[in-house]
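Throughout, read-outs are computed from the coordinates displayed, never taken from laboratory work. These figures come from a predicted structure and were not determined experimentally. Here Cβ is always computed from backbone atoms with ideal geometry, including for glycine, and neighbour counts include all displayed protein chains.
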Amino acid sequence: MKRAVAEYVTVCDTCQCVKAEHQRPAGLLQPLKIPEWKWEEISMDFIVGLPRTQKGYNSIWVVVDRLTKVAHFILVNTTYSGARLADLYISRIISLHGVPKRIISARGSQFTSCFWEQLHDSLDSKLRFSTAYHPQTDDSEDMLRACAIQYGTSWDKSPPYAEFSYNNGYQADPKKSPFEAPYGEGAGHRYFGTKRERSEVFGPDLIGDLE
């Protein structure tokens with residue numbers, strides 16, 4: 001299986017563009033304590049360098065619940081101010097899941113500004129930083145970049161499908177899909193006639209299937 005995967009990746013243009021480099025890690029990752037409740041602790045990061053769309057988006061803000069692995073992909077622009085990011089954070093995350101106690105974030109100016117510190121103080125949540133570069137902290141980037149490569153400047157139509165695909169896919173931890181973790185078995189299924197069939201189509205393939 002490893003040989004087959006390696007051969008496929010070497011001839012796939014999309015894989016070569018988005019595959020993380022296999023470099024010696026800068027150091028061992030410090031293990032984080034497993035949260036006790038869903039949306040108690042989240043991670044967030046930006047995927048930048050994407051083609052600018054007609055609506056002005058050039059980045060994706062990825063927010064993931066560390067316990068269930070449920071993810072939200074939020075379209076943004078790198079020029080957004082802290083105030084605008086805060087509005088999106090409240091409307092897309094807090095309004096749905098409440099205020100997390102802790103936030104794990106990559107080091108970036110969007111999260112280290114005084115505004116963000118004041119926002120977290122007012123919400124009584126703690127902001128902690130991951131290492132400056134560790135691909136292990138985010139496994140959704142390859143899928144989203146693959147969508148951007150395939151759909152070009154119209155990639156901003158794909159994140160809702162990519163989000164469904166990610167949340168409906170099996171995760172080694174917690175040994176189920178993110179949809180099943182908070183909502184129970186049966187979430188994320190689709191029906192074909194009288195036969196219920198599990199959907200596990202990922203990235204651009206899912207979008208093409210639905211279109």
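Brief remarks follow.
- Segment Met1..Trp37, full-extension length gain: 9.3 nm, with 0.36 nm per residue of separation and the alpha-carbon distance subtracted.
- Theoretical FRET efficiency, 1/(1+(r/R0)^6), r = Cβ-Cβ of Lys126 and Tyr170, R0 22 Å, to 0.05: 0.10
- Cα centroids of the stretch 71-89 and the stretch 159-178: 22 Å apart.
- Among Val62, Val99, Val76, a tally of other beta-carbon atoms within 10 Å of each Cβ gives an order, fewest to most, of Val99, Val76, Val62.
- Residues whose amide H comes within less than 5 Å of that of Lys176, counting only those at least five positions distant or on another chain, are Gln171 (H built at 1.01 Å from N in the peptide plane).
- Net charge of Cβ neighbours under 10 Å - reference Lys33; Lys, Arg +1; Asp, Glu -1: 0
- Available extension along the chain between Phe115 and Lys101 is 3.3 nm, counting 0.36 nm per residue and deducting the alpha carbon span.
- In this simple spin-label model, placing a label point 7 Å from the Cα along the Cα-to-Cβ direction at both Ser154 and Val9 gives a separation of 3.1 nm.
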